[in-house]
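**Student:** Take a look at the following structure, please.
The values are calculated or read from the model by the stated rules, or taken from the named source; none is laboratory data. Keep in mind that this is a model prediction, so the values were computed, not measured. Ideal geometry is used to build each Cβ from the backbone, glycine not excepted, and the neighbour counts take in all protein chains shown. Ligands, DNA and RNA are excluded from the accessible area calculation, which covers all protein heavy atoms including side chains. Shrake-Rupley method; radii C 1.70, N 1.55, O 1.52, S 1.80 Å.
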Amino acid sequence: TLIRLLLRFWDGWQGAIELDGQDISCYDPEDVRRQMAVVSQSPYLFAGTLRQNLLLARPDAAQVDLDRAVRGAQLEELLAHLPQGMDTWIGEGGLQLSGGERQRVNLARALLRNSPLLILDEPAANLDAANEKQILETVRQAGQGRSVISITHRLVGLEDMDEILVLQAGQVIERGRH
């Protein structure tokens, strides 16, 4: 719900969400969306190659940018095993990839987009403990110099957050630091 409100897919009936001190409803929805990169809990990948799926984030990205995003999302090992590298067909919804690999492709897209606001929805979902630690470190590094909203049910990886809000039934019931 929060992500849909932030991206202006829904407009709220009560309260306000502010961006740079101005009600978000004053902005064109597309302008708002250009300022945000989302790593969703259930990433969707399109029928196509890994390269095509990454370039959705930034169609004009150079190869060096793609390589940096792949490294940042810990996809080098996957890439080394793909028969045609980035030009390997990954199938509708990324069916040729595991859940964790799809999650890392989603993170690579967000890193490639390089938006000022990074929104994470359970960024380590579908990952084992070792990969979770690596991805959370990547997310921590990627968050430097930008605003990060991490939506999660667990406190893992939130040690560096400026503020943690606990929501229940749409209301903030607790706030503080890790």
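**Student:** For V148, list long-range residues whose amide hydrogen, built 1.01 Å from N in the peptide plane, is under 5 Å from its own amide hydrogen.
**Tutor:** Placed amide hydrogens put L118 under 5 Å from V148.
**Student:** Once amide H atoms are placed 1.01 Å from N in the peptide plane, what residues at a sequence separation of 5 or more from L127, or on another chain, have their amide H within under 5 Å of its amide H?
**Tutor:** When sequence neighbours closer than 5 places are left aside, there are no close amide H contacts.
**Student:** Among L45, G145, S115, whose Cα lies farthest out toward the positive end of the dipole of the chain, if unit charges sit on the beta carbon of Lys, Arg (+1) and Asp, Glu (-1)?
**Tutor:** Value: L45.
**Student:** I'd like to check one number: the per residue accessible area of the chain, probe 1.4 Å, reported in Å² as a whole number.
**Tutor:** Per residue, the chain has 60 Å² of solvent-accessible surface.
**Student:** Once phi is turned into ³J(HN,Hα) by the Karplus curve 6.51 cos²θ - 1.76 cosθ + 1.60 with θ = phi - 60°, what whole-Hz value does each residue of region 26-42 show in order, with x for glycine and proline?
**Tutor:** 3J(HN,Hα) across region 26-42, in whole Hz: 7, 9, 5, x, 5, 5, 4, 5, 5, 8, 10, 10, 10, 10, 8, 5, 10.
**Student:** If you take every DSSP beta bridge fully contained in the chain, what fraction is antiparallel? Give it as a percent rounded to 5.
**Tutor:** Once the DSSP bridges in the chain are tallied, antiparallel ones form about 45 percent.
**Student:** Right, something else. Sorted by accessible area with a 1.4 angstrom probe, largest first, how do R58, R104, R177 fall?
**Tutor:** Largest to smallest exposure gives the sequence R177, R58, R104.
**Student:** What order do E137, E174 take when sorted by accessible area (1.4 Å probe), most exposed first?
**Tutor:** E174, E137
**Student:** At a 1.4 Å probe radius, which order do H178, H81, H153 fall into by accessible area, largest first?
**Tutor:** Listed by decreasing accessible area, they come as H153, H81, H178.
**Student:** May I pose another question? With the crude spin-label approximation of a point 7 Å out along Cα→Cβ, what separation in nm comes out for Q63 versus A169?
**Tutor:** For Q63 paired with A169, the spin-label model returns 5.8 nm.
**Student:** Using a Gaussian network model of the chain whose springs link C-alpha atoms within less than 10 Å, name the residue from G48, G94, G15 with the highest mean-square fluctuation.
**Tutor:** Evaluated over the chain, the most mobile residue of the options is G15.
**Student:** What ³J(HN,Hα) values, in whole Hz, does the Karplus curve 6.51 cos²θ - 1.76 cosθ + 1.60 give for region 153-166 when θ = phi - 60°, with x put for Gly and Pro?
**Tutor:** 9, 10, 8, 4, x, 9, 4, 8, 5, 5, 8, 10, 10, 9
**Student:** GNM, the chain, Cα, under 10 Å: largest mean-square fluctuation among P83, P123, P59?
**Tutor:** P83
**Student:** Can you give me the long-range amide H partners of Q41? Hydrogens built in the peptide plane at 1.01 Å from N, cutoff under 5 Å, separation of 5 or more residues or another chain.
**Tutor:** Distant-sequence amide H within range of Q41: D121.
**Student:** Between the alpha-carbon centers of region 145-178 and region 17-67, tell me the distance in whole angstrom.
**Tutor:** That distance is 22 Å.
**Student:** Return the sequence-ordered ³J(HN,Hα) values of region 48-57 in whole Hz as given by the Karplus equation 6.51 cos²θ - 1.76 cosθ + 1.60 applied to θ = phi - 60°, using x for Gly and Pro.
**Tutor:** Coupling constants for region 48-57: x, 8, 4, 4, 4, 5, 5, 5, 4, 6 Hz.
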